[in-house]
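The values are calculated or read from the model by the stated rules, or taken from the named source; none is laboratory data. A quick note: this is a predicted structure, and the numbers were derived from the prediction, not measured. Here Cβ is always computed from backbone atoms with ideal geometry, including for glycine, and neighbour counts include all displayed protein chains.
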């Protein structure tokens, strides 16, 4: 069964609105939504904006789902259902821990921040090939446009003396430095995928864009995202296996940016400094670890970011001391613990049940997309794959799946790449 079968199947789906246009519009809205932070008092992550402004994203997303929901047609394609265990695990762990950590907080963290965005993954399987291709192209366009304009805005805002976060850290119009730098990496992944086929003129323009994105990331002081940016270059070169000299040119541009922005590099690398010392630090028992997550590093030369994350890893691993904790998450705390690192926050608060329900489908999508891109070197699939790589690595230092709009973007990317790999959704 080939494309004709897919076309015949999609004729049974009557869309109230054009899904690719609606999702693209929502993506643009999401990427610029936090612009409101610059119009209200803001203090290290806390905005004084009215509740109605903060809730606008939820209302717009609800409208999007209501418009698309009547046209959902579930199929027997197992690929369409791989995130269902995550939904179930989120519900189960929320109920189990609700009695001692507050059910409202569990629902807020697990359902509102994550579960409600999982249907976005499913939507890709409802569209025909032309709709998915348009959505994929528009997604690339939106990310590159947002990356360029918000990078320029960040420099202009800083040049005029503006400051959102302390120390003039760049946050774009995403509002959070780490989230902003991930969006820049997503755009970079798109550019890397198309480097082999670019004309000489476009390639030169892309080098200027790449320099802009990397310098901007350095000014977010996100050490993990700067590392991802650098690692994506050889990774993309190996996967694409074409025009290696162009990827070498990209690496040289990044190296030049490092040399020319030594102060920004020092600030960025400090955020990942002292890893060895932090690992050797003698930690207290697990009952005290949770209380110390917010404490500063004991030695000035060790980044508190690293020290905190080392404590987080040790606290997350402590669930294996008890079988019930290992399966369902820690029962020794009276509140949901929002630690850094998506895998670790899931392990500590939801145990292996929650961790594996995310890690297993994510690993499956990564492996299938890698095999497909390695075989076909399809540039659209490669761009989605590189975005998925950036997401996957970021799951280690940040709980980005709980941050809007990254949760929305993650599930959309996963859906697009799986549907692209398996064009015929009825193929067994």
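Just give me the residues in region 165-218 being on the phi > 0 side of the Ramachandran plot and in contact with a helix residue (DSSP H, G or I) (Cβ under 6 Å, 6 or more places away or on another chain), in sequence order. Correct list: 168, 172, 175. Residues that are over 19 Å from residue 140 (Cβ atoms) and either without any contact (Cβ under 8 Å) to a residue 40 or more places away in the chain or not in a loop (DSSP other than H, G, I, E, B) (or both) do not occur anywhere in region 331-339. Only a single criterion out of (1) surrounded by 15 or more Cβ atoms within 10 Å (Cβ to Cβ); (2) modelled with pLDDT under 90 is not satisfied by residue 69, namely (1). Would region 264-279 turn up any residue that is loosely packed, with under 14 Cβ neighbours inside 10 Å, at pLDDT 60 or above and either more than 24 Å from residue 169 (Cβ to Cβ) or assigned by TED's automatic domain parsing to the domain that holds residue 220 (or both)? Yes, region 264-279 has at least one match. If you check residue 137 against the conditions, is it in a helix (DSSP H, G or I), modelled with pLDDT of 95 or more and within 16 Å of residue 413 (Cβ to Cβ)? Here the answer is yes, as residue 137 does meet what is asked. Restricting region 351-378 to residues that are farther than 18 Å from residue 87 by Cβ and crowded, with 19+ Cβ neighbours inside 10 Å leaves a set whose member that is nearest to the chain's Cα centre (by Cα) is 369. The combined condition, being modelled with pLDDT under 95, part of a helix (DSSP H, G or I) and within 20 Å of residue 188 (Cα to Cα), is not fulfilled by residue 167.
Scanning region 75-97 for residues that are in contact (Cβ under 8 Å) with a residue 24 or more places away in the chain and within 12 Å of residue 125 (Cβ to Cβ) turns up 75, 76, 77, 79, 80, 82, 83.
Does any residue of region 393-404 turn out to be in the same structural domain as residue 187 (by TED's automatic domain parsing), more than 23 Å from residue 172 (Cβ to Cβ) and buried (at least 24 other Cβ atoms within 10 Å of the Cβ)? No: zero hits. The single condition among (1) modelled with pLDDT of 95 or more; (2) surrounded by fewer than 24 Cβ atoms within 10 Å (Cβ to Cβ) that residue 175 does not satisfy is (1). None of 166, 147, 205 is without any contact (Cβ under 8 Å) to a residue 40 or more places away in the chain and in the same structural domain as residue 403 (by TED's automatic domain parsing) except 205.
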